[in-house]
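The values are calculated or read from the model by the stated rules, or taken from the named source; none is laboratory data. Quantities reported herein were computed from a predicted structural model and do not represent experimental measurements. A quick note on method: Cβ atoms are made from the backbone with ideal geometry, for glycine too, and the neighbour counts reach across all protein chains shown.
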Amino acid sequence: MAMTVGVRFRNNGKIYDFDPKDFILLPGELVVVETARGVECGEVARANRETPAVDGKELKPVLRKATVEDRRRVEELAAKEREAVRICQERIEANGLDMKLVDAEYSFDNSKILFNFTAEGRVDFRNLVKELAGVFHTRIELHQIGVRDEAKKLGGLGICGRPFCCAQFLRDFQPVSIKMAKEQGLSLNPTKISGSCGRLMCCLKYEQSTYEELWKLCPKVGATVMTPEGRGVVTESSVLKGQVKVRLDKNPDSPPAEMSVEDVNVIRSDRPNKPKSADTEKTENGDNAEKTATNQNGGNRHRNRHRNRNKTEE
């Protein structure tokens, strides 16, 4: 086991483990740490605790608690980042680049500025980098991020009226698919299941495991089941209520009966194949006949060309 402390460098950013040395740190305190990018100032997000040691991985140390001078520098860098965004935006417009600037990040020692942006495709920003380097006289990096990362950085309110989950507590983005919305019985209207970033809402993932367990216990629509009132076919399922609607074979014209999942036994879970309509069979037969005629005509043309070639040779 190793003693670690969790530090993050941006609001709602990823938490990194550091070696606290002899410091006893509490959440909210500012510390100066050594990172792979150099010396940085971050906020303690997780107090001292013991974590399993990772073989071959040596944690970077906490150098000191932030002093008054360190706090003043952090405030100055925040003001400089706002000015850097303004200047960079002007240069982007002057160069006519199809990109959207998100924010700027100064390193703690002023040795580098990182500009985050979004774009539909690849952007040739080599000339932009040269111009920015001439203005700021430091190392310039441009990093293209996705729309979900943009929403995480900028924050905002979702359609639920609450702040974005990604900007509040989510540390990593989990894969979300349209299948989750189908299994949860949600509307497939993109405007209702998409977040402000234009991607499927992250909250679809929260209850997915529960729905997967409930669907294992609930017959699917179209399944043939045996009920206390006789045999029938499931026409509707409500996994949260634990109920299904069954159209009984003995009363096919009556409204489906609502029953508990516990009172239903599945006989056959697959849906019956739909019989082909007369129009479908006619269309298929017509297509087959047309293909046959085409093949015959093609064969006749091939034989005629072969005869003509033989006559020419003679």
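Do we have SER111 as hydroxyl-bearing (Ser, Thr, Tyr), closer than 23 Å to GLU76 by Cα and buried (at least 18 other Cβ atoms within 10 Å of the Cβ) here? Answer is no for this residue.
Out of the residues in segment 1-31 that are among the small types (Gly, Ala, Ser) and not in a strand (DSSP E or B), which is farthest from SER107 (Cα to Cα)?
Residues of segment 1-31 among the small types (Gly, Ala, Ser): 2, 6, 13, 28.
If we keep only those that are not in a strand (DSSP E or B) too, we end up with 13, 28.
Values: GLY13: 15, GLY28: 20 Å.
So the residue we want is GLY28.
Among the residues making up segment 157-202, those that are among the aliphatic types (A, V, I, L, M) and within 25 Å of LEU240 (Cβ to Cβ) are ILE159, LEU170, VAL176, ILE178, MET180, ALA181, LEU186, LEU188, ILE193, LEU200, MET201.
The residues on offer are CYS197, CYS202, and the sole one that is under 23 Å from PHE117 (Cα atoms), in contact with a Lys or Arg (Cβ under 6 Å, 6 or more places away or on another chain) and either aliphatic (A, V, I, L, M) or surrounded by 12 or more Cβ atoms within 10 Å (Cβ to Cβ) (or both) is CYS197.
Of everything listed in (1) on the phi > 0 side of the Ramachandran plot; (2) touching a Pro at 6+ places or on another chain (Cβ under 9 Å); (3) not aromatic (Phe, Trp, Tyr), the single unmet condition for ASN110 is (2).
In this structure, does ILE15 turn out to be surrounded by fewer than 18 Cβ atoms within 10 Å (Cβ to Cβ), β-branched (Val, Ile, Thr) and under 26 Å from ALA167 (Cα atoms)? Spell out how you get there, then give the answer.
Numbers: surrounded by fewer than 18 Cβ atoms within 10 Å (Cβ to Cβ): yes; β-branched (Val, Ile, Thr): yes; under 26 Å from ALA167 (Cα atoms): yes.
Answer is yes for this residue.
Among the residues making up segment 32-88, those that are under 24 Å from ARG139 (Cα atoms), in a strand (DSSP E or B) and free of Cβ contacts under 8 Å to residues at least 60 places away in the same chain are VAL33, GLU34, THR35, GLY42. Output the number of residues of segment 29-39 satisfying the condition of being out of contact with any Leu (no Cβ under 9 Å at 6 or more places or on another chain) and modelled with pLDDT of 90 or more. Going through segment 29-39 one residue at a time, the tally reaches 2.
Of the helices (runs of 4 or more DSSP H) entirely within segment 127-243, those holding at least 3 residues that are of a type in the set (A, V, I, L, M) occupy 147-154, 178-183.
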